[in-house]
Amino acid sequence: QLQASGGGLVQSGKSLRLSCATSGDIFNAVGWYRQAPGKQREWVAYISNGGSIGYSDSVKGRFTISKDGTENTVFLQMNNLKPEDTAVYYCNGGTYYNRKYYRGDYWGQGTQVTVSS
């Protein structure tokens, strides 16, 4: 029900746009997470069906989450990429409630982002 794509290898300072194709209506929000080698998976951003948005401090001001008009695809525009952004990025189908994002059990397959210095 979720499929992530758009990763690749870029130089520091460049941009990438990730996409998450969704289907079904089990979840009312989509989040992006990432996992670097040897580290725990961390939350990056979320967007709810109603358009509420949140970002982690590490990406605020550089990443932008959005969705298309049909609400079937969620995008993560990543600008000014840094080597520390290198990770596998996953999209997640979750729940937005009371101004918070709750991670769900639905995951896309992940897409690798590598930023060289």
Greater than 19 Å apart at Cα, pairs in Lys14/Lys82; Lys39/Lys100; Lys39/Lys82; Lys14/Lys100: Lys39/Lys100; Lys14/Lys100
³J(HN,Hα) computed for each position of the stretch 100-114 - Karplus, 6.51 cos²θ - 1.76 cosθ + 1.60, integer Hz, glycine/proline x: 9, 9, 10, 4, x, 8, 9, 10, x, 7, x, 9, 7, 10, 10
Net lengthening on full extension, Asn49/Asp25 (0.36 nm per residue, minus Cα-Cα): 7.6 nm
About the Cα centre, charge dipole magnitude for the stretch 1-107 (Lys/Arg +1, Asp/Glu -1 at Cβ), debye: 300
Projected label distance in nm at Glu42 and Asp57, using a 7 Å step from Cα toward the beta-carbon: 1.1
Solvent-accessible area per residue for the chain (1.4 angstrom probe, square angstrom): 54
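Between Tyr106 and Gln11, what FRET efficiency comes out of the Förster formula 1/(1 + (r/R0)^6) with R0 = 22 Å and r the beta carbon distance, rounded to 0.05?
Details: r = 33 Å, r/R0 = 1.49.
Between Gln11 and Tyr106 the formula returns 0.10.
The values are calculated or read from the model by the stated rules, or taken from the named source; none is laboratory data. Model, not experiment: these values are computed from the prediction. Because the Cβ atoms are built from the backbone with ideal geometry, glycine has one as well, and the counts that use them run over all protein chains shown. Each accessible area value is taken on the protein alone, full model and side chains, heavy atoms only, with ligands, DNA and RNA left out. Shrake-Rupley method; radii C 1.70, N 1.55, O 1.52, S 1.80 Å.
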